[in-house]
Amino acid sequence: MQEKKLICGLCACNCILKAIINEDGSVKEVKGDPESITGGFACSKGRALTKIPKAKNRITEALVKQKDGSFKSVTMLEALELLAQKMLAIKQDFGASAFAIHSGQAAVRRQFSRLTGYFSHLYGSVNYSGIGTTCNVSKRIAYTMTMGGLPKCDYLNAKTIVLWGHNAPNTHPYDWQVIKNCCANGAKLIIINPQKTEACREGCLHLALKPGTDIYLAWAILKIAAQQKWFTEQNIAATSGFEALVSSLENLDTAEMLDHCGLTLPEVNKATKLIFQATPTTIMAGTAIELQQHGFQTARAIAIIQAMCGTKALLFPKMPPAYAPFPVKPSFNGEMVGATEYPVFTDFVGYAQSNILSKSINEGKIKGLLIVGGNPLATWANSSVNQRSFAKLDFMAVMDNFLTITAKAADLIIPAACPTEKYELLECISSTGEVYLNLSEAVLPAKGLNEVEFFKAMADLLGFGEAMPWQNSLTYFDYLLKPLKLNCQSLLQNSNGFHYAANRKLQDIQKENTSINLTVPKLAEYGYSTLPLPPVYEKPAADQIILTTCDKSRNLVHSRYRNVKELVKNEEPTLKLNPNTASSYQIITGDTVQIKRGEHTLLAKALVTENITEGTAAIMHGWANCNVNYFTRLEELDAISGFPNSAAIPISLKKYGG
């Protein structure tokens, strides 16, 4: 038998695995590598990696849509030539930036997002976008403006750990093992979440706030800490803008803010005391924080709490490594989608805010679209608007593993290799803040193109092949790694790959002229408040409850792989309701519930549980047959980042048939 190294990139833990290969080339099992930095850990997702390519709806040949809506198989060359023809025609008639290119969640921490952007710019389009339009980047900008970078929690050195909108057991299961060990050794744990997650079993303090009220809780915590004089002179001295913070706190009413949250003063006072007195404290702000109508400023407010309670239990990983620059510096221009509406976002990341791509399509500014490893009709805000807009495009191509709802809407489908069918170079951060590069091996025969092969072939057809000289993934990775005096072979020889940056403390990045900014003057230049002040509270209508779509299962990956039976098992669209809420609608577990917002109605099975706040409902996004992004609204995008409001959606519901 043979062993090959796999890196599970399905969550940020990037667990290092071993694939045990039989003599006939089949995979016997996938298990954790005990000699690796992740200590042999493997959750259900990692163990199922090699099952993914065999799931139903796999795309193994190029498909072109016919006039009647059916698909016809064509050769790969015919498909690529068609795509090149359409791209060149749109470029000639409307300019290159009328063709948008998006890389989805499949690109996270991998090198093809960088390659996709390079390809877009070589073609001449400014309208490349990535998954950062809906995940992590809003929080990253907020923390970078506040303290110079997005930190990694230093759980091992924390006396108080706060998981704020972060369901660690399900979303970062290896990190959760580390957190549990820390709690066993005396660390205090605070969970801030509308749901009682598995983490709450560890004897923690649980603040079960109403969805979308996090910014009011953050300011209530700051107000209590100021009144109790828990800000230390050392932490005050490390910041700029403290006087403005104190002045703003004077105008806020703690009781009123906590009423918005559905929390009591004693429980929040207890949490605040732990955060500011049982230090060092580390706060992990989850993705649910930024997926709110005021998510950017909510992340800023939480970053201010972290700054004012101290930064000793934070690490600031240096990413990305010093790769070789691309061989050509592209020249591109045009109107970037979102640059006018969300300049803070586009200026920071340097790419388009695709959540309003539909607006540009409807205005006739975007004529073509290529989606690589993404499913925006399931994941972008306001699915119905996107469906209508995508139908207006002159041409849309999708490169994916499976026939997703977005692929079904495309004019051309390119089959993509699954993760275990190709080599992948990943950027990883360990639970202790070490930053390392690692290489995952191909363990199964490819049934589609990998991204390097695809973009190289397209570059040749479009006339700029010399700017993309790599024939395969390994030559591309070797090119990137050369300044680091590394190559693919050297990464494969070590379970942990290559550690290229030690963990850094705040003082390390402050040597780079970075300070803690409680007020951010740069935001005023864009027309926004320099402090993340709480907005006027909007109370839900009496006949509405608040739906959060940020619920997560340990087995499932965002909206991906719902067709993999080893992951989905018996899961289905399920609406969680508090017993009191369910009782008012005469709903019991197992009932079918009708969920409604505006013109859209969805059906889901009810699960009545004490583990969710009264007046609240929770469901996972990503179900094709229960697509909750029909309920998200473009007019509710965060005013600064353009992120969708997925965490606090007002809905009405009733028992189906009742």
Next on the checklist: Quick check on segment 325-349: of everything there that is without any contact (Cβ under 8 Å) to a residue 60 or more places away in the chain and part of a loop (DSSP other than H, G, I, E, B), which residue is nearest to Gly124 (Cα to Cα)?
Outcome noted: Lys329
Next on the checklist: When you check Ile21 against the structure, is it aliphatic (A, V, I, L, M), in contact (Cβ under 8 Å) with a residue 40 or more places away in the chain and buried (at least 23 other Cβ atoms within 10 Å of the Cβ), yes or no?
Outcome noted: no
Checklist outcome for this item: The condition of being under 27 Å from Gly338 (Cα atoms), in contact with a strand residue (DSSP E or B) (Cβ under 9 Å, 6 or more places away or on another chain) and surrounded by fewer than 22 Cβ atoms within 10 Å (Cβ to Cβ) holds, among Phe71, Phe94, only for Phe94
Checklist entry - What are the residues in segment 214-264 that are closer than 20 Å to Gly295 by Cα and small (Gly, Ala, Ser), if any? => result Ala218, Ala220, Ser248, Gly262
Next on the checklist: Are there helices (runs of 4 or more DSSP H) fully within segment 190-263 with at least 2 residues that are of a type in the set (A, V, I, L, M) and touching a residue at least 12 places away in the same chain (Cβ under 8 Å)? List them.
Outcome noted: 214-227, 242-249, 254-261
Checklist entry - When you scan segment 102-182 for helices (runs of 4 or more DSSP H) that lie fully inside it, which ones turn up with 3 or more residues that are closer than 20 Å to Thr432 by Cβ and at pLDDT below 95? => result 168-171
Checklist entry - What number of residues within segment 225-251 satisfy the criterion of being within 27 Å of Ala647 (Cβ to Cβ) and either open to solvent by 40 Å² or more (accessible area, probe 1.4 Å) or in contact with a Phe, Trp or Tyr (Cβ under 8 Å, 6 or more places away or on another chain) (or both)? => result 3
Checklist entry - Among the residues of segment 177-188, is there at least one that is under 30 Å from Pro521 (Cβ atoms) and touching a residue at least 60 places away in the same chain (Cβ under 8 Å)? => result no
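Picking from Ala208, Ala184, Ala168, which residue would you name as being small (Gly, Ala, Ser), open to solvent by 10 Å² or more (accessible area, probe 1.4 Å) and under 23 Å from Thr609 (Cβ atoms)?
Ala208
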Checklist entry - Out of all the residues in segment 74-88, is one or more open to solvent by 30 Å² or more (accessible area, probe 1.4 Å) and among the small types (Gly, Ala, Ser)? => result no
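Yes or no, residue by residue, for (1) farther than 18 Å from Val536 by Cα; (2) under 31 Å from the mean Cα position of the chain (by Cα):
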{"site": "Lys223", "(1), (2)": "no, yes"}
{"site": "Ala226", "(1), (2)": "yes, no"}
{"site": "Thr232", "(1), (2)": "yes, no"}
{"site": "Thr239", "(1), (2)": "yes, yes"}
{"site": "Glu243", "(1), (2)": "yes, no"}
{"site": "Asp253", "(1), (2)": "no, no"}
{"site": "Glu256", "(1), (2)": "no, no"}
{"site": "Gly262", "(1), (2)": "no, yes"}
{"site": "Gln277", "(1), (2)": "yes, no"}
Checklist entry - Pick from segment 252-289 the residues that are within 15 Å of Lys210 (Cα to Cα) and charged (D, E, K, R): which of them is least open to solvent (accessible area, probe 1.4 Å)? => result Glu267
Item to check | strands (runs of 3 or more DSSP E) wholly inside segment 495-601 containing at least 2 residues that are modelled with pLDDT of 95 or more and farther than 27 Å from Cys153 by Cβ | outcome: 545-548, 574-577, 592-597
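The values are calculated or read from the model by the stated rules, or taken from the named source; none is laboratory data. Everything quoted here is computed from the prediction, not taken from an experiment. Neighbour counts are summed over all protein chains in view; Cβ atoms, including those assigned to glycine, are modelled from backbone coordinates with ideal geometry. Quick note on the areas: whole protein, heavy atoms, side chains included, nothing else; ligands and nucleic acids left out. Shrake-Rupley method; radii C 1.70, N 1.55, O 1.52, S 1.80 Å.
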